[in-house]
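Note sheet for the following structure.
What follows draws every value from the coordinates through simple rules; no lab data is involved. These numbers were taken from a predicted model, which means no experiment stands behind them. A quick note on method: Cβ atoms are made from the backbone with ideal geometry, for glycine too, and the neighbour counts reach across all protein chains shown.
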Amino acid sequence: MALLLEDIAPTLEALGCACALVAPDGEILLANSALALLVGRSSRALERLRLPELFAEPADRRFVEARLASALSPGDTTTREHFLPHSDGHPIHVLVTVKGVAIGSQVYRLITWIDISPLKEAQAAAERHLASVTELSDTAMEQAIGLKHYSEQLEDRVRARTFEVMSQNARLLAHAEQLETARVHALQMLAVACEAKDETTGAHVVRIGQGTSRVAEKLGLKPSEALALGQAAVLHDVGKLHVPDSILTKPGKLDEAEWIEMRQHTTWGERILAGGGEEFASAGVIARHHHENVDGTGYPDRLAGDSIPLPARIVRVVDSIDALASDRPYKKAWDWPQIIDHLTENQGKAFDREVVAAALDLINRREWPSPTGESGGGDATELGLDNPSAGTDARG
């Protein structure tokens with residue numbers, strides 16, 4: 001269990017919302033820093049509390065205890081609005097999502113909280129404004145009946161006020177759409193957190209995001225674009241959810257049948273991310289094409305050169321560096337001279353030359369944090385060689 005918590009913690013930390021893993025008896029086993037910031041407590045203070053102890057009011061505690069006592073099956077998901085107390089006493093209006101997760105023989109709860117206080121405040125302000133506009137409009141109409149010569153002026157005022165109400169309603173609809181997008185995003189990220197089977201996934205995806213952003217910015221992308229690309233890159237291996245554990249953690253080389261099944265994780269990843277809409281379009285492209293080689297020998301589509309999307313060419317290199325620099329069940333980590341030689345020898349074959357040049361520059365400047373924490377290494381992911389006969393087992 002300790003190892004499992006250690007594996008899950010980095011993935012929870014990578015989420016963009018407050019999140020906690022709760023045991024069947026209600027004990028908070030993991031709380032990410034976003035949750036600590038939301039409630040004004042430290043993660044250490046939150047962990048080992050029981051979930052009802054987050055609430056000050058007895059009625060709230062009884063409600064949470066009742067929810068903990070209710071039956072929960074793996075995959076069950078509930079979403080509702082609630083008030084979560086801050087350490088200073090003020091309530092925070094949140095959208096809370098609870099999902100049942102099977103760990104061993106028991107069902108745990110993965111819980112996310114999204115602060116919707118700004119949306120609720122904007123909604124209340126709009127309602128107050130609407131009431132004020134309605135009152136003004138009624139007064140204007142009364143004056144129009146008695147003073148016909150003011151009718152045109154009053155009609156203009158009514159139209160202006162109506163336009164303001166319509167504009168406010170449009171903004172409220174936009175806020176509602178953003179809230180729904182955030183909820184879907186949180187649920188999809190929770191699915192990755194609770195179902196990831198690769199024991200290195202948590203720290204691995206964080207390094208992939210960082211490395212991808214740095215290389216992208218080195219290649220001339222704007223910082224905001226590089227950051228967005230790094231966020232999309234963390235989902236590059238989501239298709240591994242469909243790959244058996246026996247293949248992912250096999251100590252030796254894969255046989256031909258296992259290799260065929262492993263390669264399908266690219267198309268599976270694209271299918272999974274297609275359900276996320278336009279927000280996940282870039283992530284889907286990366287998931288499908290991050291094992292294409294520039295010489296056309298990669299998979300799944302055997303694309304070559306610039307026909308491979310740039311985000312996938314970047315992740316291809318970043319993923320390979322991290323895999324080579326990391327210990328895996330099927331290999332020991334390479335040292336940096338070996339990795340640099342490998343990148344140099346395979347540029348123009350597996351790897352894009354410009355992407356390799358950007359990565360080598362970051363490594364030489366010691367701006368690439370390695371999986372071991374030493375400077376000089378950095379963000380990374382999976383092995384760089386896709387052909388199992390080439391001497392290195394590729395699981396990425």
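Name the GluC sites (Glu not before Pro) in the stretch 23-102 that are in a loop by DSSP and that have at most 11 other C-beta atoms within 10 Å, would you?
Within the stretch 23-102, no GluC sites (Glu not before Pro) qualify (loop, at most 11 other Cβ atoms within 10 Å).
What pairs in 240/331; 99/218; 222/332 have C-alpha atoms more than 28 Å from each other?
Over 28 Å apart, Cα to Cα: 99/218; 222/332.
Name the residues whose placed amide hydrogens come within less than 5 Å of the amide hydrogen of residue 30, ignoring near sequence neighbours (fewer than 5 apart) on the same chain.
21
Could you check the spin-label model distance between residue 49 and residue 338? Points 7 Å from the Cα along Cα→Cβ, value in nm.
The modelled label-to-label distance comes out at 4.7 nm.
So which trypsin sites (Lys or Arg not before Pro) in the stretch 1-102 end up in coil per DSSP with only 14 or fewer other C-beta atoms within 10 Å?
48
Quickly work out the residue 222-to-residue 256 label distance, labels modelled 7 Å from Cα along the C-beta direction, and quote it in nm with one decimal.
5.1
If you place +1 on the Cβ of every Lys and Arg, -1 on the Cβ of every Asp and Glu, and leave all else neutral, what size is the dipole of the stretch 48-88 about its Cα centre, to the nearest 20 Debye?
Dipole size: approximately 160 debye.
Give me the distance between the Cα centres of the stretch 212-236 and the stretch 283-320, rounded to whole Å.
The stretch 212-236 and the stretch 283-320 have Cα centres spaced 15 Å from each other.
Quick check: pseudo-label points 7 Å beyond the Cα along Cα→Cβ at residue 41 and residue 278, how many nm apart are they?
The two pseudo-label positions are separated by 4.1 nm.
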